[in-house]
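S.K.: Would you mind keeping the following structure in view while I ask a few things?
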Amino acid sequence: MLSVESVAALADNYIWIVSGDGDQPRVLVVDPGEAQPVNEWLNKHGATISALLLTHHHPDHTAAAVELAGTGRTPIYGPGAEGIRGVNHPLHGGEQITLDGFPGIDVIPVPGHTKGHVAYYVDGCLFSGDALFAGGCGRLFEGSAEQMHESLQRLATLPDSTLLYCGHEYTVKNLEFAHRVEPDNQQIAKRLEQMRALRGKSQPTLPSSLGEEKQSNPFLRTHEASVVESAERWAGGKLTTETEVFATLRRWKDHG
């Protein structure tokens, strides 16, 4: 299995550094919003960058890509529809990226947070950017609730053992909301306690597993009666589709 390490950046971002096989220590860098911590990691480990993977156009995920790529031919992969500076390998979803020393990297379209957002799935690891978070999901800045719900359902088809590496340290706040949605869900209560303990020690809460998300992330549980009932109470009326439940949860999280 690949080795994945987190580099903390900005206020609460994670940049992911993925080490591959081979004689030379070469890595993938996912969503570099800041160059300095990445360069420090590279210098410490004597590593060089094989490619940069960008999930969406927001600066906290892309700002350092051009600087880290340097003047060489380092590939920068990212959504082709979002006009990201430096992207020389535009993606639309459905592609598989092949790089020496790494397994094939599947590109999954996950519009909703932004119009061209993609996620990367490689060797049992999911790099979801701001689409799927531990305990939550991204805001709908450019897409619709229907798009985002479909995107999350697409990710939910991956194996439960999939390790989730998302873009921000939002887990405790997300699980606090999840606990409001499902106050009787013991999986959420237990996980929230564990995550608070980790943050109390300044440790990251990631990765989580997709199986764990299905048990405790309300945005992946729009089919569950307890989630539907809670969303209907907040909305003050009947919700007839999972998309309506999802949209209600997102509004509740944003404004409730």
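S.K.: Condition first: at pLDDT 95 or above, open to solvent by 30 Å² or more (accessible area, probe 1.4 Å) and assigned to a loop (DSSP other than H, G, I, E, B). Now tell me which residues in the range 93-102 satisfy that.
M.R.: 94, 95, 98
S.K.: Restricting attention to the range 4-22, and to residues there that are of a type in the set (Gly, Ala, Ser) and more than 18 Å from residue 43 (Cβ to Cβ), which single residue is least open to solvent (accessible area, probe 1.4 Å)? Steps first, answer last, please.
M.R.: First pass over the range 4-22, keeping only residues of a type in the set (Gly, Ala, Ser): 6, 8-9, 11, 19-20, 22.
Now restrict to residues that are more than 18 Å from residue 43 (Cβ to Cβ): 11, 20, 22.
Working: 11: 100, 20: 24, 22: 64 Å².
Ranking the candidates gives 20 first.
S.K.: Right, something else. Could you tell me whether the range 130-141 includes any residue that is closer than 16 Å to residue 249 by Cα, part of a helix (DSSP H, G or I), open to solvent by less than 10 Å² (accessible area, probe 1.4 Å) and small (Gly, Ala, Ser)?
M.R.: no
S.K.: Name the one entry in 98, 171, 157 that is of a type in the set (S, T, N, Q), touching a helix residue (DSSP H, G or I) at 6+ places or on another chain (Cβ under 7 Å) and without any contact (Cβ under 8 Å) to a residue 40 or more places away in the chain.
M.R.: Step by step, each of 98, 171, 157 is checked, and only 171 is of a type in the set (S, T, N, Q), touching a helix residue (DSSP H, G or I) at 6+ places or on another chain (Cβ under 7 Å) and without any contact (Cβ under 8 Å) to a residue 40 or more places away in the chain.
S.K.: Please state which one of 122, 181 is under 22 Å from residue 61 (Cβ atoms), touching a Pro at 6+ places or on another chain (Cβ under 6 Å) and surrounded by 16 or more Cβ atoms within 10 Å (Cβ to Cβ).
M.R.: Selected residue: 122, the only one of 122, 181 that is under 22 Å from residue 61 (Cβ atoms), touching a Pro at 6+ places or on another chain (Cβ under 6 Å) and surrounded by 16 or more Cβ atoms within 10 Å (Cβ to Cβ).
S.K.: Looking only at the range 39-56, decide whether some residue is farther than 22 Å from residue 131 by Cβ, among the aliphatic types (A, V, I, L, M) and not in a loop (DSSP other than H, G, I, E, B). Break it down stepwise before answering.
M.R.: Let us first name the residues in the range 39-56 that are farther than 22 Å from residue 131 by Cβ, namely 39-50.
Next, from what is left, pick out any that are among the aliphatic types (A, V, I, L, M): 42, 47, 49.
In the following step, the residues that additionally are not in a loop (DSSP other than H, G, I, E, B) were identified as 42, 49.
Within the range 39-56, one or more residues are farther than 22 Å from residue 131 by Cβ, among the aliphatic types (A, V, I, L, M) and not in a loop (DSSP other than H, G, I, E, B).
S.K.: Residues of the range 197-211 being open to solvent by less than 60 Å² (accessible area, probe 1.4 Å) and either touching a residue at least 40 places away in the same chain (Cβ under 8 Å) or under 19 Å from residue 167 (Cα atoms) (or both), which ones?
M.R.: Answer for the range 197-211, where residues must be open to solvent by less than 60 Å² (accessible area, probe 1.4 Å) and either touching a residue at least 40 places away in the same chain (Cβ under 8 Å) or under 19 Å from residue 167 (Cα atoms) (or both): 198, 204, 205, 206, 207, 208, 209, 210, 211.
S.K.: Looking only at the range 58-75, decide whether some residue is in contact with a Pro (Cβ under 7 Å, 6 or more places away or on another chain), under 18 Å from residue 131 (Cα atoms) and open to solvent by less than 30 Å² (accessible area, probe 1.4 Å).
M.R.: no
S.K.: Then there's this: Quick check: is even one residue across the range 232-243 buried (at least 21 other Cβ atoms within 10 Å of the Cβ) and aliphatic (A, V, I, L, M)?
M.R.: no
The values are calculated or read from the model by the stated rules, or taken from the named source; none is laboratory data. Remember, predicted model here, so these are calculated numbers, not experimental data. Using ideal geometry, Cβ is built from the backbone for each residue, glycine included, and neighbour counts are taken over all protein chains shown. Note: areas computed on protein heavy atoms with side chains; ligands, DNA, RNA excluded. Shrake-Rupley method; radii C 1.70, N 1.55, O 1.52, S 1.80 Å.
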